[in-house]
Amino acid sequence: SQTIHQWPATLVQPVGSPLSLECTVEGTSNPNLYWYRQAAGRGLQLLFYSVGIGQISSEVPQNLSASRPQDRQFILSSKKLLLSDSGFYLCALSKSGRDEGYTFGSGTRLTVV
Amino acid sequence: QKEVEQDPGPLSVPEGAIVSLNCTYSNSAFQYFMWYRQYSRKGPELLMYTYSSGNKEDGRFTAQVDKSSKYISLFIRDSQPSDSATYLCAGGSQGNLIFGKGTKLSVKP
């Protein structure tokens, strides 16, 4: 079965510091991959999605970026964190061409101080 | 207008109660609908999947979709404290899912 590994679970970073969150996938190939941010009262906000290696679509303009260097690896980055970047970051996958819903990782709670 | 609207709650019920969670959606192209359950500080997990209109039952959980009124429901029978979580509805088509904001449910023993 497909699984998503996401780490770290918790992260506290100072304003202006860089960020790198990694998500890796097992049990499936050529998945669609997603980065979501979840803030209290705001639900799931889609940040980026990728349908293949090197293919990234951005849903929300901000100081975050995403990369997909390998089929099963999805990375969320920032050069300089802002206080407003605090939140719960979730990686998710779906099977390309299949309407079976998304599988989510366990999430990273980021606090920018 | 948001594509999927969901009352955020919070909703508090006594143990054993029947819980009704609801969403409305605006996109007529949605073909499948899902309910996710999210425990605190965890990722959402798929709870129920329904394709097109109709009902689906799984144990204490029943999902209903009425495409004519664009209404999605989740019923929980004999609710338990372990059902305390945030429930997110979602509608989708062509592999894309749109989520509601989630309803926070608390079941009191």
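Out of segment B:67-109, which residues are under 20 Å from residue A:98 (Cβ atoms), touching an Asp or Glu at 6+ places or on another chain (Cβ under 7 Å) and in a loop (DSSP other than H, G, I, E, B)?
Passing the criteria: only B:95.
Taking segment B:42-77, which residues are under 22 Å from residue B:17 (Cβ atoms), within 14 Å of chain A (Cβ to nearest Cβ) and in contact with a Lys or Arg (Cβ under 9 Å, 6 or more places away or on another chain)?
B:47, B:48, B:63
From the residues in segment A:59-99 that are under 23 Å from residue B:89 (Cβ atoms) and in contact with a Ser or Thr (Cβ under 7 Å, 6 or more places away or on another chain), which one is modelled with the lowest pLDDT? Show your work before the answer.
First, pick out the residues of segment A:59-99 that are under 23 Å from residue B:89 (Cβ atoms): A:59-60, A:87-95, A:98-99.
From what is left, the residues that are in contact with a Ser or Thr (Cβ under 7 Å, 6 or more places away or on another chain) are A:89, A:92-93, A:95.
Details: A:89: 97, A:92: 96, A:93: 94, A:95: 84.
Only one residue fits best here, namely A:95.
Of the residues that sit in segment B:1-41 and are at the interface with chain A (Cβ under 8 Å from one of its Cβ atoms) and surrounded by fewer than 17 Cβ atoms within 10 Å (Cβ to Cβ), which one is nearest to residue B:89 (Cα to Cα)?
B:8
Sort out for me the strands (runs of 3 or more DSSP E) sitting completely within segment A:34-113 that have 1 or more residues that are under 25 Å from residue B:39 (Cβ atoms) and without any contact (Cβ under 8 Å) to a residue 12 or more places away in the chain. First the steps, then the outcome.
Working: elements: A:43-52, A:55-58, A:64-70, A:73-78, A:87-95, A:108-112.
Per the criteria, A:43-52.
The values are calculated or read from the model by the stated rules, or taken from the named source; none is laboratory data. Computed from a predicted structure; not experimentally measured. All Cβ positions, even for glycine, are placed from backbone atoms using ideal geometry, and neighbour counts span all protein chains on display.
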